[in-house]
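**Student:** Have a look at this one before I ask anything.
The values are calculated or read from the model by the stated rules, or taken from the named source; none is laboratory data. Here the structure is a predicted model, which means the values were calculated and not measured. Please note: Cβ atoms are built from the backbone with ideal geometry, for glycine as well, and neighbour counts cover all protein chains shown. Just so you know, the surface numbers come from the protein's heavy atoms only, side chains and all, with ligands and any DNA or RNA stripped out. Shrake-Rupley method; radii C 1.70, N 1.55, O 1.52, S 1.80 Å.
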Amino acid sequence: MKCFFKWVFSIFSFSGQTPQWRDVPLLLAKCTVWGLLTGPIIAFVFILAEHPEAVVGYLLSPRELLTSSVVGVAWGLSFYIFLGLGNAFLKNWIGGYPRAISYTISVIFNVVGTSMAVLVAGSTSLFVTNQTFNIPADYYWRLAVINIALALGLGVIIKAFIHLRIEVEKTQNLLREQELATSRAQSLALQSQINPHFFFNTLNTISALIDDEPAAARRNIGRLADLFRYTLGCCTHSSTVDLDQELDFVRDYLAIEQERFRRRLNLELPESPNPGIQVPGLILQPLVENAIKHGIAPRIEGGTVAIRVQPAGDRVRITVRNTSDGEPLPDERSLYKPGHALDNVRARLRMFTGQPNPLVVATGFGYTEFGFEISSSAAAGKVSA
Amino acid sequence: MIRTLLVDDEELARTSMRRALADFTDIEIVGEAADGVEALEKIAELKPALVLLDIEMPGLNGFEIVQQLQSDPPAIVFITAYDEYAVRAFEANAIDYLLKPVRQERLERALDRVRRGTQRKTAVADISKERSGPLRRLAARRGKRIVIVPLRDVIRVEIEDKLVFACTATERLLVEKTIGELETMLAPSGFLRISRGELVNLESVRELIPWFSGTWRVKLANNEERDVSRDRARQLKEAMGIE
């Protein structure tokens, strides 16, 4: 029983989506059941108000009960067909037109639809009622007015309710998505924090420098401290940073690496400042780390890591290039293993730029290069934080 | 005195290790190496009793170096800055290792065990094999020099006058291992023995040609044709996914 009422009431819970044609018979069936139930109730209330003495007779007469049900179905179906269904599909058809035009069409449609519904439902019920009840014409018209008022009033209330619910849901979804995007950006940024390898290697470097080159040891401790401060502070307040800040960070990182690799690591870094460009925090460091891991560490003679920032129209192209033996790149899948630093970079660039494949790998004669493009205006492309 | 070789690609790391070892009067540092090739050269040349071996290195890493060593290898103490998987393997197999930056008491303990000569060299070799996965490079000799050949460039390995050679498209390089050793060493990397004196890189096999009385021939990437002995033919076909 509970299920049945739930099913009947579900006619009101359509979620603002355009119904599919295949759903229509089911909706019509629901309307019919709805009319069958409401018709007698409305008639009962009407008779109770006007002729209390006739109520018992009405309730005991299957013929009268059936008639009022048919009237209920007639009103329910005609309003649903002319207004509900029409409006749902109409919204889809006129969605593309300018607001004024679509609004006018919608109003005309609703006026014509209402008239049609009243006409069809009214004449049907007039016909059936005259067959059953012996009632004066003015009663009949009062019945009709109450019916129309009820249908319209209920319709407006239900429509407003549904509309409100859809709006609330939409807002909630939007908020949830934004929260999700922000927290995901933050967690990804946190994941991309510096490799422990680097930390221990740096401690080792400093430990070796302490006796012979105390000044260099101190310098590296300062750099290490700055690096950690940056990674700790960078992603808690906002998910984006100035490109120049990020480049400074990478410079420190590379300076420490150069202390380790010495002559084997040759650097080419951009000199000029790039004011007003925002990038996701800690986006370059994983690329630089990758460049060292593949371009410097495995090569006895070492190589070059080159970072370039080049304007490309209203965008900026940032590339990290390393020397390589021209070994073929591993395929995309192994390059972007889940949990891998490059996968992390790609995921964050996706969120930031909205492009499906923001990170571009290129290989050429003796080099491998990872690059991405971002908008060069400060305001655009910011992940809302 | 324990003749010791220091192997680390970072100059600073070697400096601090040298300094740490200075406290031990029975340790004699006979040489240093900064990459895998140099390490193999120095090991062959200086015959140290102990090698302090960094794992992360260019050319060949520490594990790969151990695999290229010939019979009767020196004692090995691995050094790493951060390799939790390797460290777990070392712990499980009681293999000596040091973490960078090196603490003096840990160094002392590792050297103590070397002095007692309790190191299980087979465990060192096994762990190295396990940690480095299939070999991708092979150490070979070009004249007096040791060179590292990527295995994908090696087309086949052959015996001539009891010497073993790795053949690439352009040259033949001497490998100081027996063909049996190479067969087991290179099997995971896709090499197969086709006759008593020959291994081929399955990647370079282009054609299988039926030959006389159950034998086959393979045509290789450099258009050479080599005989496959009858008992090896089946393995070769299996490995190539035929039958």
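**Student:** Stokes-Einstein at 37 °C, 0.692 mPa s, Kirkwood radius from Cα pairs: D for the protein assembly as shown in µm² s⁻¹? Walk me through the intermediate numbers first.
**Tutor:** Values: Rh = 32.2 Å.
The Stokes-Einstein estimate is 102 µm²/s.
**Student:** How large, in percent, is the carbon and sulfur part of the accessible surface of the protein assembly as shown at a probe radius of 1.4 Å? Mind showing how you got there, number by number?
**Tutor:** Values: 19300 of 33210 Å².
Of all accessible area on the protein assembly as shown, carbon and sulfur atoms account for 58 percent.
**Student:** Are there residues in the range B:1-49 whose accessible area shrinks by at least 20 Å² when all protein chains are included rather than the chain by itself, and which are they (probe 1.4 Å, ligands and nucleic acids not counted)?
**Tutor:** With the partner chains in place, the range B:1-49 has these residues losing at least 20 Å²: B:Asp9, B:Glu10, B:Glu11, B:Leu12, B:Ser16, B:Arg19, B:Asp35.
**Student:** To the nearest whole number, what is the average tally of beta carbon atoms from other chains within 10 Å of the beta carbons of peptide A:290-301? Mind showing how you got there, number by number?
**Tutor:** Numbers: counts 0, 0, 0, 1, 0, 0, 1, 5, 8, 3, 11, 3.
Mean inter-chain Cβ contacts per residue within 10 Å come to 3.
**Student:** Follow-up question, since we're still on this one. Based on the Cβ-Cβ distance of A:Thr104 and A:Val360, what FRET efficiency does E = 1/(1 + (r/R0)^6) give at R0 = 51 Å, to the nearest 0.05? Numbers along the way, then the final one.
**Tutor:** Working: r = 49 Å, r/R0 = 0.96.
Approximately 0.55, to the nearest 0.05.
**Student:** Take the cross-link list B:Lys47/B:Lys121; B:Lys42/B:Lys162; A:Lys293/B:Lys144; B:Lys121/B:Lys162; B:Lys47/B:Lys177; B:Lys162/B:Lys237 and give me the ones stretching past 22 Å between alpha-carbons. Kindly include the intermediate steps, with their values, before the conclusion.
**Tutor:** Values: B:Lys47/B:Lys121 16 Å; B:Lys42/B:Lys162 25 Å; A:Lys293/B:Lys144 30 Å; B:Lys121/B:Lys162 27 Å; B:Lys47/B:Lys177 17 Å; B:Lys162/B:Lys237 28 Å.
Beyond 22 Å between Cα atoms: B:Lys42/B:Lys162; A:Lys293/B:Lys144; B:Lys121/B:Lys162; B:Lys162/B:Lys237.
**Student:** Right, something else. Per residue in the range B:82-117, which ones lose no less than 50 Å² of accessible surface when going from chain alone to all protein chains (1.4 Å probe)?
**Tutor:** Correct list: B:Tyr82, B:Pro101.
**Student:** Around B:Gln104, under 12 Å between beta carbons, what's the net of Lys plus Arg minus Asp minus Glu among the other residues?
**Tutor:** Details: positive: B:Arg19, B:Arg103, B:Arg106, B:Arg109; negative: B:Asp23, B:Glu105, B:Glu108.
My count for the surroundings of B:Gln104 gives +1.
**Student:** Can you list residues from other chains, or at least 5 along the same chain, whose modelled amide H is less than 5 Å from the amide H of B:Ile2?
**Tutor:** Here the answer is B:Ile27, B:Glu28, since their amide H atoms fall under 5 Å of that of B:Ile2.
**Student:** Hey, another quick one. Could you pull out every residue, at least 5 positions away or on a different chain, whose amide H is within less than 5 Å of the one on B:Arg156? Hs are placed 1.01 Å off N in the peptide plane, and Pro or chain starts have none.
**Tutor:** For B:Arg156, the qualifying residues are B:Cys167, B:Asn201.
**Student:** Chains A and B: how much accessible area gets covered up at their contact, both sides added, probe 1.4 Å, in Å² to the nearest hundred?
**Tutor:** On the way: alone 22110 and 12910 Å², together 33210 Å².
When A and B are taken together, about 1800 Å² of accessible area is lost.
**Student:** Then there's this: Going by accessible area, probe 1.4 Å, with all protein chains left in place, what is the ranking of A:Glu289, B:Glu203, largest first?
**Tutor:** On the way: A:Glu289 40, B:Glu203 150 Å².
Reading off the accessible areas and sorting them downward yields B:Glu203, A:Glu289.
**Student:** Calculated from DSSP H runs of 4 or more alone, at -39500 (n - 2.57) each and per residue, what is the 222 nm mean residue ellipticity of the protein assembly as shown, nearest 500? Please list the in-between numbers first.
**Tutor:** On the way: 21 runs with 323 residues, N = 628.
Mean residue ellipticity, 222 nm, calculated: -17000 deg cm²/dmol.
**Student:** Sticking with this one: If eta is 1.306 mPa s and T is 10 °C, what Stokes-Einstein diffusion coefficient results for the range A:195-375, Kirkwood Rh from Cα pairs, in µm²/s?
**Tutor:** Values: Rh = 17.1 Å.
Value of D from the Cα-based Kirkwood radius: 93 µm²/s.
**Student:** Next up: For the protein assembly as shown, what is the charge dipole size about the Cα centre, in debye to the nearest 20, if Lys and Arg each add +1 at the Cβ and Asp and Glu each add -1 at the Cβ? Each step should come with its number before you reach the end.
**Tutor:** On the way: 73 positive and 74 negative charges, 267 e Å.
That gives a dipole near 1280 debye.
**Student:** Can you classify chain B as rounded, prolate or oblate using the Cα gyration tensor, where a ≥ b ≥ c are the square roots of its eigenvalues, rounded means a/c under 1.5, and otherwise it's prolate if a/b beats b/c and oblate if not?
**Tutor:** On the way: a/c = 2.76, a/b = 2.31, b/c = 1.19.
Prolate is the answer for chain B, as a/c is 1.5 or above and a/b outweighs b/c.
**Student:** Taking the Cα centre of the protein assembly as shown as the origin and placing charges on Cβ (Lys, Arg +1; Asp, Glu -1), which of B:Gln119, B:Ala140, A:Ile105 is farthest toward the positive end of the dipole?
**Tutor:** A:Ile105
**Student:** Per residue, how much accessible area does the protein assembly as shown have with a 1.4 Å probe, in Å²? Spell out each step's value before the answer.
**Tutor:** Working: 33210 Å² over 628 residues.
For the protein assembly as shown, the per-residue accessible area is 53 Å².
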